[in-house]
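Asker: There's a structure below that I have some questions on.
What follows draws every value from the coordinates through simple rules; no lab data is involved. Computed from a predicted structure; not experimentally measured. Here Cβ is always computed from backbone atoms with ideal geometry, including for glycine, and neighbour counts include all displayed protein chains.
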Amino acid sequence: MKEHVNYEDIFKRFNEQLPKGVFLNTSFEGEYNTMTIGWGLVGITWSKPVVCVAVRFSRHTYSLLEKSNKFTISIPKTGTLKKELGICGTKSGRDIDKFETCSFKKDKIIDKCDLHIECEVVQKTAMDKTALESSIKERFYGTDDYHMFYFGEIKDCYYTKEEK
Ligand SMILES: Cc1cc2nc3c(=O)[nH]c(=O)nc-3n(C[C@H](O)[C@H](O)[C@H](O)COP(=O)(O)O)c2cc1C
């Protein structure tokens, strides 16, 4: 069951859970993948409600997003799915089927989470390493694996209740 909410109502949950990890879900032509993210922004850009996510070029998620141009974020209930966030944050969809490993239903959302944000990419921007502050560069980009920033317009935002 879906209960739609305004994007203004998800700021707190999004920002509280983000450092612990949320799921960034992508799919293309029947292939489903998800990865844990800990960085992101939610707010207004181009007069639209937008989520910005940072995806390194090395991620399988990057390859899928380049093709699909849409993503969904699923936010776990506080304190849940820690093992799954660990798996999805360390294993690549190139090597394993994370939906099967974590017993998630194949869908654009993670059924075991209760809050979901559906987005369509309206802008993507590759990092300009020449414009990066040096301490950030040293700390996060020693291997030259930079991020693509995807700005996704929020198209839908809702809570789900598990069907009994
Ligand atoms: C807590 C946590 C937060 C993470 N945040 C990000 C992130 O914001 N961006 C990113 O590119 N990778 C992030 N990662 C790493 C990816 O989740 C990880 O490399 C994953 O295996 C990529 O999966 P994929 O190759 O199937 O896309 C994070 C990992 C953890 C554990």
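Asker: Given the condition in contact (Cβ under 8 Å) with a residue 24 or more places away in the chain, among the aromatic types (Phe, Trp, Tyr) and in contact with a strand residue (DSSP E or B) (Cβ under 7 Å, 6 or more places away or on another chain), answer yes or no: does some residue in region 91-105 qualify?
Answerer: Yes, region 91-105 contains a residue that is in contact (Cβ under 8 Å) with a residue 24 or more places away in the chain, among the aromatic types (Phe, Trp, Tyr) and in contact with a strand residue (DSSP E or B) (Cβ under 7 Å, 6 or more places away or on another chain).
Asker: Would you say Ser63 is within 11 Å of the ligand (Cβ to nearest atom), without any contact (Cβ under 8 Å) to a residue 12 or more places away in the chain and surrounded by fewer than 22 Cβ atoms within 10 Å (Cβ to Cβ)?
Answerer: For Ser63, the condition - within 11 Å of the ligand (Cβ to nearest atom), without any contact (Cβ under 8 Å) to a residue 12 or more places away in the chain and surrounded by fewer than 22 Cβ atoms within 10 Å (Cβ to Cβ) - is met.
Asker: Quick one: how many residues across region 16-33 are near the ligand (Cβ under 8 Å from one of its atoms), more than 16 Å from Glu120 (Cα to Cα) and part of a strand (DSSP E or B)?
Answerer: Qualifying residue count for the region: 1.
Asker: Check Lys112 against each of (1) within 20 Å of Leu41 (Cα to Cα); (2) touching a Ser or Thr at 6+ places or on another chain (Cβ under 9 Å) and name the one condition it does not meet.
Answerer: Condition (1) is where Lys112 drops out.
Asker: Within region 73-90, does at least one residue satisfy the condition of being among the acidic types (Asp, Glu) and surrounded by fewer than 14 Cβ atoms within 10 Å (Cβ to Cβ)?
Answerer: Scanning region 73-90 turns up no residue that is among the acidic types (Asp, Glu) and surrounded by fewer than 14 Cβ atoms within 10 Å (Cβ to Cβ).
Asker: Any idea how many residues of region 33-53 are of a type in the set (S, T, N, Q) and farther than 30 Å from Arg94 by Cβ?
Answerer: 2
Asker: Could you say whether any residue in region 74-96 is part of a strand (DSSP E or B) and within 17 Å of Leu24 (Cβ to Cβ)?
Answerer: The answer is yes; a qualifying residue exists.
Asker: So, one more: Filter region 78-93 down to residues that are among the basic types (Lys, Arg) and farther than 25 Å from Ser63 by Cβ, then give me how many there are.
Answerer: Number of matching residues: 2.
Asker: Then there is this: Does Phe57 satisfy the criteria of being more than 9 Å from the ligand (Cβ to nearest atom) and not basic (Lys, Arg)?
Answerer: Taking the combined requirement at face value, the residue does not satisfy it.
Asker: Let me ask something else. Taking Ile44 as the residue in question, decide whether it is surrounded by fewer than 18 Cβ atoms within 10 Å (Cβ to Cβ), assigned to a strand (DSSP E or B) and hydrophobic (A, V, I, L, M, F, W, C).
Answerer: Yes, satisfied.
Asker: If you scan region 116-164, which residues turn out to be under 30 Å from Thr78 (Cβ atoms), part of a loop (DSSP other than H, G, I, E, B) and acidic (Asp, Glu)?
Answerer: Answer for region 116-164, where residues must be under 30 Å from Thr78 (Cβ atoms), part of a loop (DSSP other than H, G, I, E, B) and acidic (Asp, Glu): Glu162, Glu163.
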